[in-house]
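As structure tokens, the structure follows; a few thoughts come after it.
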Amino acid sequence: MNCPLHYTLNLIGNKWKPLVLFHLLDGALRSGILQKKVPDISNKMFTQTVRELEKDGLITRKVFPVVPPKVEYKLSERGRSLEHILRSMDAWGLQDQNE
């Protein structure tokens, strides 16, 4: 049996995944807006991150048939289940920064 923490960190434990997930907690966002909310992420890394999160079932991607293409991301039910963890990490960071 694998360690549960190891399993979780494999899903969300890189520099960008928690940030993308956190910014989707308040609802779906268009691709460009979401990318702007994640400071310093390159186009390549953003694309790789959202693809991995989608593959792992943490976010969903919806493409609208318009020109130019409109892509929207939102948390899946599985991704939504990480809300407590993400908000706790945010609160800890806020508290620690202010000490």
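How about the stretch 61-99: which of its residues are hydroxyl-bearing (Ser, Thr, Tyr) and farther than 24 Å from residue 5 by Cα?
Step one: list which residues in the stretch 61-99 are hydroxyl-bearing (Ser, Thr, Tyr), which gives 73, 76, 81, 88.
73, the sole residue that qualifies.
When the stretch 58-78 is examined, which residues are found to be touching an Asp or Glu at 6+ places or on another chain (Cβ under 9 Å), of a type outside the set (A, V, I, L, M, F, W, C) and not in a strand (DSSP E or B)?
Initially, the stretch 58-78 is screened for residues touching an Asp or Glu at 6+ places or on another chain (Cβ under 9 Å), giving 58, 60-64, 73, 75-76, 78.
From what's left, of a type outside the set (A, V, I, L, M, F, W, C): 60-62, 73, 76, 78.
Of everything in the stretch 58-78, those that are touching an Asp or Glu at 6+ places or on another chain (Cβ under 9 Å), of a type outside the set (A, V, I, L, M, F, W, C) and not in a strand (DSSP E or B) turn out to be 76, 78.
Checking each residue in the stretch 1-14 for being under 16 Å from residue 82 (Cβ atoms) and in a loop (DSSP other than H, G, I, E, B) picks out 13, 14.
For the condition part of a loop (DSSP other than H, G, I, E, B), under 11 Å from the mean Cα position of the chain (by Cα) and not basic (Lys, Arg), what is the one hit in 53, 25? That would be 25, the only listed residue that is part of a loop (DSSP other than H, G, I, E, B), under 11 Å from the mean Cα position of the chain (by Cα) and not basic (Lys, Arg). Under the condition of being touching a residue at least 12 places away in the same chain (Cβ under 8 Å), out of contact with any helix residue (DSSP H, G or I) (no Cβ under 9 Å at 6 or more places or on another chain) and over 14 Å from residue 71 (Cα atoms), the residues counted in the stretch 28-51 number 1. Kindly provide the set of residues from the stretch 6-30 that are modelled with pLDDT of 95 or more, surrounded by 12 or more Cβ atoms within 10 Å (Cβ to Cβ) and of a type outside the set (Val, Ile, Thr), ordered by number. Selection gives 16, 17, 18, 19, 21, 22, 23, 24, 25, 28, 29, 30. Of all residues in the stretch 80-99, those satisfying the criterion of being in a loop (DSSP other than H, G, I, E, B) and either farther than 16 Å from residue 20 by Cβ or more than 13 Å from the chain's Cα centre (by Cα) (or both) are 98, 99.
The values are calculated or read from the model by the stated rules, or taken from the named source; none is laboratory data. Remember, predicted model here, so these are calculated numbers, not experimental data. As a convention, Cβ positions derive from the backbone with ideal geometry for all residues, glycine included, and neighbour counts pool all protein chains shown.
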